[in-house]
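> Got a structure for you, written out below as structure tokens; questions coming shortly.
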Amino acid sequence: MKREFQYNGKTVAYYRIAFTLSEQSQRYGKEPMIRDFKKVPTDLKIEETQDPKIKIRSEYLLRGRTINGKCTFHLGLEKTTFPSVFRSALDDKKKSEVIIVLSDDYKEMTMYVLII
């Protein structure tokens, strides 16, 4: 569901998307939402970055499923000063920012998509 808050005199819209880890698939499944945010797939997986060029900024990737040899969704996760919190951009134009918060046991993931 879309929500808003004020920051530096500007209104920032955001979506909160909750995921739960499946022990079998090791993928995070999206929890049901009243109004779905379609840009984010229903299940995601966190993987270590393999490409050394990307690894400079993002140690981990958040990936969707691979269909016909093509990854449907991916975000490079940048570390923050908090161990279980990461940030990224949803698009190359930097019009959105994504904050990922993992629970202490890594069984739950909450994604905040901020529309700037």
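> If you go through segment 5-31, how many residues are of a type in the set (Gly, Ala, Ser) and assigned to a strand (DSSP E or B)?
3
> Do you know which residues across segment 29-74 are out of contact with any Pro (no Cβ under 9 Å at 6 or more places or on another chain), more than 20 Å from Glu97 (Cβ to Cβ) and among the hydroxyl-bearing types (Ser, Thr, Tyr)?
Listed by number, the residues that qualify are Thr42, Thr66.
> In segment 49-66, which residue that is basic (Lys, Arg) and in a helix (DSSP H, G or I) is surrounded by the fewest Cβ atoms within 10 Å (Cβ to Cβ)?
The selected residue is Lys53.
> Looking at (1) surrounded by fewer than 17 Cβ atoms within 10 Å (Cβ to Cβ); (2) part of a loop (DSSP other than H, G, I, E, B), which is the only condition Val40 fails?
(1)
> Got a number for residues in segment 67-100 being surrounded by 13 or more Cβ atoms within 10 Å (Cβ to Cβ), assigned to a loop (DSSP other than H, G, I, E, B) and at pLDDT below 90?
Number of matching residues: 3.
> Looking at Arg57, Arg27, Arg16 in this structure, which one is among the basic types (Lys, Arg) and farther than 23 Å from Glu108 by Cβ?
Arg57
The values are calculated or read from the model by the stated rules, or taken from the named source; none is laboratory data. Being a predicted model, the structure only gives us computed values, none of them experimental. With ideal geometry, Cβ positions are generated from the backbone for all residues, glycine too; neighbour counts draw on all protein chains shown.
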